[in-house]
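What follows is a single structure, written as structure tokens, with notes after it.
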Amino acid sequence: MNKKGIIVIIIIIVLVVIGYMAWGAKNAPAPADTDGSPVSTEEDGVNRDDFAVTDKDTTDATLLARLGSVSVSAGESGDRTALVKGMAQFTSENVKGMIVLGDVAVEKVVGDTKYVVTSLSVNSGGSGTFNYVVLFEDRDGNLTDKSYSLVGDRVKITGLRADEVSGGLIVSVSYMDHDKGEPLAAFPTVPRTKILVVDGGVFNSAKEINL
């Protein structure tokens, strides 16, 4: 083969490699999350960075003190109990449990309604400790729990944020979760975000977004 033919073959090979690299980059699969599902930076038009959670250290201590004596629901039974300094013991169906107020809370006024959002952990006597985000309505200084959203078992809620969006309320929750296969007894190590939408004064579970 003459020199000219060799040059032509080299050029063809280079063009094929360049084309393959360009096509492969365009069609490469999305990176996988810890559970094997694709990582999405945007779901249903909601971007993770749009609702970044403020650090829990910005929580108003006065607001937490008010929440420390509210009446709350003691788990699935619906029994109610009043917190004392952010804690309460309860008995439900012969099972003794404990409720502990979290260390983060935020408030937001939407229209004529003032909302307060905080976290609660509930242990119903078993090995699990279920962590909730609770939505309160603040009327004339009285806090009434309106809605609960389960975040997870033995997770650690690290921050909350509330935003008025199109006349409604969006609550963003940051928390540490367990990695796939990680024992629940271990400290959670995976950062996650849950977006909650308030409709009619309560959390709409059908509109939850997990990032």
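The values are calculated or read from the model by the stated rules, or taken from the named source; none is laboratory data. Keep in mind it's a predicted model, so treat the numbers as computed, not measured. With ideal geometry, Cβ positions are generated from the backbone for all residues, glycine too; neighbour counts draw on all protein chains shown.
Here ARG192 meets each of (1) more than 15 Å from the chain's Cα centre (by Cα); (2) modelled with pLDDT of 90 or more; (3) farther than 21 Å from VAL70 by Cα with one exception, condition (1). Of the strands (runs of 3 or more DSSP E) lying entirely inside segment 74-115, those containing at least 2 residues that are closer than 23 Å to VAL202 by Cβ and in contact with a Lys or Arg (Cβ under 8 Å, 6 or more places away or on another chain) are 95-110.
In segment 153-211, which residues are on the phi < 0 side of the Ramachandran plot and of a type in the set (Ser, Thr, Tyr)? Passing the criteria: THR158, SER172, SER174, TYR175, THR189, THR193, SER205.
Any idea how many residues of segment 117-140 are out of contact with any helix residue (DSSP H, G or I) (no Cβ under 7 Å at 6 or more places or on another chain) and part of a strand (DSSP E or B)? I'd like the intermediate steps shown before the answer.
Quick first cut of segment 117-140, residues out of contact with any helix residue (DSSP H, G or I) (no Cβ under 7 Å at 6 or more places or on another chain) only: 117, 119-121, 123, 125-140.
After this cut, where a residue has to be part of a strand (DSSP E or B) as well, the list is 117, 119-121, 123, 130-139.
Here the count works out to 15.
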